[in-house]
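Working notes, structure below.
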Amino acid sequence: MTEHNNTNASGERPTDGSDGTSSGEPLDAAWEAFAQEHADDLDDVARSRNAKRFEKHAKRAEKQALLSVNDLDQGTFTDDAIGPGRGPRDATASSWLETDAVMDRYGEGFTPPTSFAPTPRRIVLFAALTVIGVLGVIVSVLVPRWTGMLGTVFGTLLLIGVAGLVASRRGKRHNDPFDDGARV
């Protein structure tokens, strides 16, 4: 943009009639007279598309954040209330890796299991039927002479195995009110 040339000797804005107005009246009065003479033209300019676009831009600029990240000092993002020179490696709280100390402090009485529960025989049977069924279907595709017979037998085994595994998973409801479903 171009800068406006100020023809005043001292660089100040004119306040009296020395700005070129012939009447010698003050600047505010001259401006009022000009605004009254050109009221229609000024209204047209105010209703123009550019004026509306400028208004939208001005409103958007007002809504922009009043606070920028650059306005904040580094202490805002770190906990310098604890004291200077303390970083993330200077933590004094207990770690989640110190489970023995935490369990002793809160006295939960946790005892780890000594052995795992045996897998039910029906689960082992249905898993074996599923694996045999999948392998048998693959073999039946590779042997075209017996595809019909092998596909039927191994397909049935596969369906029985999958249905048994799905049926064994149903009905597992935990009645503990504190059970949120998370398992380790």
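The values are calculated or read from the model by the stated rules, or taken from the named source; none is laboratory data. Given the structure is predicted, the values throughout are model-derived calculations rather than measurements. Please note: Cβ atoms are built from the backbone with ideal geometry, for glycine as well, and neighbour counts cover all protein chains shown.
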### Query
Give me the pairs: first residue in the range 125-145 and part of a helix (DSSP H, G or I) and at pLDDT 95 or above, second residue surrounded by fewer than 16 Cβ atoms within 10 Å (Cβ to Cβ) and among the polar types (S, T, N, Q), beta-carbon distance under 7 Å, and six or more apart or on different chains, which are they?
PHE126/SER168
### Task
Take ARG105 and decide whether it is at pLDDT below 80 and either basic (Lys, Arg) or assigned to a helix (DSSP H, G or I) (or both).
yes
## Note on the structure
Cβ pairs under 8 Å, 6+ apart or interchain, first in the range 37-49 and hydrophobic (A, V, I, L, M, F, W, C), second part of a helix (DSSP H, G or I), ordered by first then second residue, are LEU42/ALA35; VAL45/ALA51
